[in-house]
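Scroll down for the structure; my scribbles are underneath it.
The values are calculated or read from the model by the stated rules, or taken from the named source; none is laboratory data. Just so you know, these numbers come straight off a predicted model, no measurement behind them. For neighbour counting, all protein chains shown are included, and Cβ atoms are generated from backbone atoms with ideal geometry for every residue, glycine included.
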Amino acid sequence: MGDSLLKTGVLIVGAGPVGLALAIELGHRSIPCVLIERNERVGYAPRAKTTNVRTREHFRRWGIADTLRAASPFGMYYPSNVVFCTSLSGHELTRFENAMYCAPGRNPLYSEHGQWIPQYTVEEVMREHAQSLPNVDLRFNTELTTFEQDGDGVHAVVRDLRQGQNITIEASFMVGADGSRSVVREGIGAKMEGTRGLSRNYNVVFKAPGLAEKQKHGPAIMYWQVNAEAPSLIGPMDQGDKWFFMPTGMKEGTKLDVANTPDLIRKATGIDLPYEVLSTDEWVASRLLANTYRDRRVFLAGDACHLHPPFGGYGMNMGVADGVDLGWKIAAVLQGWGGPALLDSYEQERKPVHNMVLDEAVANHAMLGNQLWKEGLDGDNAEGAAMRREVGAVIQAGKLREFTTLGVMLGYRYENSPVIVPDGSPMPGHDYINYVPSSRPGSLAPHAWLHDGSSLYDHLGQGFTLLASKDAPSEAIEQARLQARNAGVPLTVIQPNEAGIAELYPTRFTLIRPDQHVTWRADAWPHASVGLFEKISGRNNSFTPGGVKA
């Protein structure tokens with residue numbers, strides 16, 4: 001056993017964005033948690049660079065969306081264009097403007113626009129916020145060594161690498177947010193299944209004073225270079241002339257290091273500068289999903305249970321959503337108003353979403369610069385221009401689903417969940433581009449701006465929220481409040497007056513969960529509403545839509 005003993009509600013292994021999201025969610029709900037990380041979480045590694053609209057909506061809920069906005073290295077009005085070109089010094093093929101919905105300004109479909117920002121900066125903002133929460137104990141240079149569990153909790157031994165001291169941590173639950181080589185996943189015997197080795201790639205971070213001025217295509221967040229020498233992605237990453245470079249589909253046996261990478265960047269860009277390589281990181285694209293996300297009191301989240309090619313910007317954002325989902329559900333159980341089915345619903349709800357997103361990422365990965373190159377594409381003649389128009393049209397058709405993906409970000413739904421009450425309405429088809437808001441149970445609650453300038457989401461409570469129409473009977477609303485108290489479930493009631501909200505929420509009553517997904521709706525309040533609250537909080541599955549109260 002360890003040299004000292006520490007007791008907490010939740011032990012979180014891994015302090016990347018997934019573990020931090022979970023810790024913040026728990027901290028906002030006054031649940032004690034210990035978050036351990038074996039590293040310092042510093043460095044140049046590019047990892048994710050897109051914080052999408054849904055993740056930023058969680059940041060808004062936590063009160064740090066403006067903090068993240070202010071941390072943007074190029075300012076919020078830097079154009080989020082994606083340019084396809086033969087090289088930074090060559091011909092443009094096509095471009096996508098406002099990729100990932102990063103442009104500031106109000107959009108009726110969401111409360112926060114996306115943001116192009118290095119993951120390490122996102123982590124800094126999250127880490128500072130997590131450390132400001134009194135119930136979050138964040139410990140770096142601390143690694144998990146062993147753990148076991150029983151009916152009462154998880155008993156883990158962690159090692160403080162600085163002090164050389166073992167600590168025994170007793171927690172009600174443990175979550176492995178410890179990445180693709182998850183020790184927690186190995187400890188519960190979960191296996192990653194799917195397709196490995198789709199392609200071999202490198203992440204490179206380098207300094208290039210003057211490159212922004214010498215390249216020919218104007219400001220953008222990413223340039224896809226389609227050429228024979230070094231098909232690749234390249235783009236500005238941070239202040240100080242810091243860029244990222246990602247050659248795709250590298251041949252087996254090719255190694256990039258500080259010495260040989262500058263020449264490859266010169267070949268790819270056609271621009272001769274004194275490139276200073278800061279880091280090179282090899283990675284292999286795969287499509288993998290864990291066969292289980294849980295063993296009793298131990299859960300997996302983020303890359304510990306799903307891995308996919310990083311095309312579409314889904315990985316970090318999907319992991320943050322995992323942390324949010326687990327956070328409110330574990331908090332509900334520890335606070336006494338959530339039941340076993342709520343914990344069961346984590347994998348039942350998230351795994352189909354992960355499968356859908358993995359399919360999207362693999363589809364995006366199928367079209368890289370390697371597949372787009374044709375001999376003569378960079379020719380300074382009529383044939384070259386015609387070929388560029390032809391390839392540009394192929395890119396527009398094939399890559400729209402990678403950069404214009406609101407249907408994936410906001411359109412996912414939780415079907416067949418034990419804590420959502422279906423209303424019998426037909427399931428709409430999935431469209432990765434065109435997001436059509438719906439208050440159908442399982443869907444993300446449709447967003448709206450209120451006349452006072454606030455977001456509808458700003459008025460949702462930490463527990464469940466009952467959104468009642470303007471003509472909802474006051475007696476039924478009072479009955480809902482009373483029965484929520486009787487069921488021990490936290491409930492906020494809102495009754496907005498804006499006409500547009502009635503179109504988004506056509507039923508008199510809509511119940512919205514803490515994660516902003518709809519869990520039930522109807523035109524009349526049910527007689528057995530205590531049973532309804534017990535159903536959606538995971539304590540009793542016997543409720544069925546039946547008796548209603550007008």
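General remarks:
- Among the criteria (1) of a type in the set (G, A, S); (2) in contact (Cβ under 8 Å) with a residue 12 or more places away in the chain; (3) loosely packed, with under 14 Cβ neighbours inside 10 Å, the one G429 does not fulfil is (2).
- The residue that is surrounded by the fewest Cβ atoms within 10 Å (Cβ to Cβ), among those in the stretch 103-153 that are part of a loop (DSSP other than H, G, I, E, B) and touching a Cys at 6+ places or on another chain (Cβ under 7 Å), is N135.
- The residues of the stretch 166-199 include none that are at pLDDT below 95 and over 29 Å from the mean Cα position of the chain (by Cα).
- Filter pass, M100 being outside any strand (DSSP E or B), touching a helix residue (DSSP H, G or I) at 6+ places or on another chain (Cβ under 8 Å) and not assigned by TED's automatic domain parsing to the domain that holds G19: yes
Residues are listed down the side, and each one gets a yes or a no for (1) assigned to a loop (DSSP other than H, G, I, E, B); (2) free of Cβ contacts under 8 Å to residues at least 40 places away in the same chain; (3) surrounded by fewer than 16 Cβ atoms within 10 Å (Cβ to Cβ):
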position	(1), (2), (3)
K7	no, no, yes
I12	no, no, no
L20	no, no, no
G27	no, no, no
I31	yes, no, no
H58	no, no, no
S80	yes, no, no
L88	yes, no, no
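- Checked against (1) surrounded by 24 or more Cβ atoms within 10 Å (Cβ to Cβ); (2) aromatic (F, W, Y); (3) part of a helix (DSSP H, G or I), Y346 passes all but condition (1).
- Residue in the stretch 134-153 that is under 24 Å from V204 (Cα atoms) and touching a Leu at 6+ places or on another chain (Cβ under 8 Å) present: no
- Condition check for S439: touching a residue at least 24 places away in the same chain (Cβ under 8 Å), outside the structural domain of A332 (by TED's automatic domain parsing) and crowded, with 19+ Cβ neighbours inside 10 Å: yes
- Pairs are defined by a Cβ separation below 7 Å, a sequence spacing of at least 6 or placement on different chains, a first member in the stretch 271-286 that is free of Cβ contacts under 8 Å to residues at least 60 places away in the same chain, and a second member that is surrounded by fewer than 17 Cβ atoms within 10 Å (Cβ to Cβ); the pairs so defined are D272/R266.
- When G249, G338, G323 are screened for being in contact (Cβ under 8 Å) with a residue 12 or more places away in the chain, in the same structural domain as R350 (by TED's automatic domain parsing) and either in a loop (DSSP other than H, G, I, E, B) or surrounded by fewer than 17 Cβ atoms within 10 Å (Cβ to Cβ) (or both), only G338 passes.
- Across the stretch 406-426, the number of residues qualifying as under 18 Å from K535 (Cα atoms), buried (at least 19 other Cβ atoms within 10 Å of the Cβ) and small (G, A, S) comes to 1.
- Subset of the stretch 409-451 that is in contact with a strand residue (DSSP E or B) (Cβ under 8 Å, 6 or more places away or on another chain), in a loop (DSSP other than H, G, I, E, B) and among the aromatic types (F, W, Y) - its residue that is farthest from A341 (Cα to Cα): Y412
- Residue selected from the stretch 349-386 under the condition outside any helix (DSSP H, G or I) and within 35 Å of the chain's Cα centre (by Cα), by the criterion surrounded by the fewest Cβ atoms within 10 Å (Cβ to Cβ): A366
- Leading residue by the ranking (surrounded by the fewest Cβ atoms within 10 Å (Cβ to Cβ)) among those in the stretch 489-504 that are under 28 Å from the mean Cα position of the chain (by Cα) and over 23 Å from G531 (Cα atoms): L504
- Search result, residues across the stretch 194-242 that are among the β-branched types (V, I, T) and over 20 Å from G379 (Cα atoms): T195, V204, V205, I221, I234
- Residues of the stretch 464-488 satisfying the condition of being surrounded by fewer than 21 Cβ atoms within 10 Å (Cβ to Cβ) and under 17 Å from W328 (Cα atoms): G488
- Some residue of the stretch 496-517 being of a type in the set (K, R), modelled with pLDDT of 95 or more, closer than 22 Å to R350 by Cα and not in a loop (DSSP other than H, G, I, E, B): no
- Residue that is surrounded by the fewest Cβ atoms within 10 Å (Cβ to Cβ), among those in the stretch 452-463 that are in contact (Cβ under 8 Å) with a residue 24 or more places away in the chain, of a type in the set (G, A, S) and part of a loop (DSSP other than H, G, I, E, B): G461
- Residues that are under 24 Å from A48 (Cα atoms) and hydrophobic (A, V, I, L, M, F, W, C) within the stretch 128-181 comprise A130, L138, F140, V175, A177, listed in sequence order.
- Filtering E213, E229, E186 for residues that are of a type outside the set (K, R), touching a Lys or Arg at 6+ places or on another chain (Cβ under 7 Å) and surrounded by fewer than 21 Cβ atoms within 10 Å (Cβ to Cβ) leaves a single hit, E229.
- Among residues of the stretch 68-86 being over 21 Å from W224 (Cβ atoms) and touching a Phe, Trp or Tyr at 6+ places or on another chain (Cβ under 8 Å), the one that is modelled with the highest pLDDT is L68.
- None of V184, V158 is under 26 Å from V34 (Cβ atoms) and in a strand (DSSP E or B) except V158.
- If you filter the stretch 518-533 down to residues that are among the small types (G, A, S) and either under 26 Å from the mean Cα position of the chain (by Cα) or not in a loop (DSSP other than H, G, I, E, B) (or both), you find that the one that is nearest to D423 (Cα to Cα) is A522.
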